[in-house]
Amino acid sequence: MNATASSDPRSPIAGEAAQTASAAWRPGTFALRDAWFPVAHSRDIGAGDSLRFVHGQAFCLRRGSDGVFAEDRRPDAQASGSGAAQRVPAIERYGYVWVWFGDRDNADPGLIPDIPFLHPNKPQPAYATGTAFFDCTYELLLENILDLTHIDYIHNVYSGDAEDAESDDVEFMATSETVTMIRTTRKRPTSRYQREVLGVEAPYQDQSAFTHIFIRSGMCFLHSHYSNAPSMPLMQSNTPESSRLTRANFAFGTQQTDDPAFRRQWPATAAMVAAQDNSVLAPQNPRYVDAPEGADLSTRFDAAGLEFRKRYNALVERQKRGDFSYLSDAEDGSDIAEILKVKRIGSGSRR
């Protein structure tokens, strides 16, 4: 992957590149295609119809004798004269039902992302999974996820405050399909959650926080390492149902910790964290989706977000020209388990 290191945390990102990325940013106006979307937890799909949406396109999911299948419920997808809906590619993996949004002929199962901390053929326990909804376009949600400094202000009960940390460094890596941000803080005050719920007595923590996003589908991985407290990785789908609603099916990698209490306690915080994020994102959404184009002010902590905008816009321009292919750097050989510092569960789906 290409890597860019950080500099002074107080320095703004200046120059034409940052201004151009911001000024051209119009989330919710284009549907990137030819990608697998984890639209539902496998356990939620039975013999009856379950409706899911990707960029406003309706998919009907149902479980039959030969597994789960999906149908395209758009009026123009009805088979001529028969009234039957058209089947679309669907696969069960990692405890999710994945549907292909795009040209059926390009539906390569090898394009389903590798999720190293989930077993490819076994769902996570119910207590470690769930669904959250965000009243915003998925691109705005991804920017929020990539900004690992927002946790200091929105989620500091769980993460602690980094203002008095001894050091605070960020770096990001990117391909034509992904963006990864890593934030490392040293001697960060132990959070209230860690003290009161986990019983952590150390006054400070060293923390490495990781975010890895897939631009086309919006799927992401999040993980944090603490020197004196447990943590576990999270997979979150961030499926764009519309320009004003994002469905986030999530699963925690509970196998990454040996603490049985933490395995159940941490997933229970997901609803509270999602509500905190939505309280910020919901009022922002109309300012991006409905407002005229305009530049944002940015700091160097926004470097990954600006890179996401650039990579996203490049994909949009390619798809407008009819190019839906994956470039060679999408298979750069990097092991995401090593990047996230998690142990691999099962065999994965390496391409």
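Table for the structure above
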{"item": "Residues of the range 238-258 classified as touching a helix residue (DSSP H, G or I) at 6+ places or on another chain (Cβ under 9 Å) and loosely packed, with under 14 Cβ neighbours inside 10 Å, total", "result": "0"}
{"item": "Check on Ala229, outside any strand (DSSP E or B) and either farther than 30 Å from Lys187 by Cα or free of Cβ contacts under 8 Å to residues at least 40 places away in the same chain (or both)", "result": "yes"}
{"item": "Test: residue in the range 181-201 that is small (Gly, Ala, Ser), in contact with a Lys or Arg (Cβ under 8 Å, 6 or more places away or on another chain), assigned to a loop (DSSP other than H, G, I, E, B) and at pLDDT 85 or above", "result": "no"}
{"item": "Within the range 267-351, helices (runs of 4 or more DSSP H) holding 1 or more residues that are farther than 23 Å from Phe30 by Cβ and modelled with pLDDT of 90 or more", "result": "270-289"}
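The values are calculated or read from the model by the stated rules, or taken from the named source; none is laboratory data. Values in this document were obtained by computation on a predicted structure and should not be read as measured data. Glycine also receives a Cβ, built like all others from the backbone with ideal geometry; neighbour counts cover every protein chain displayed.
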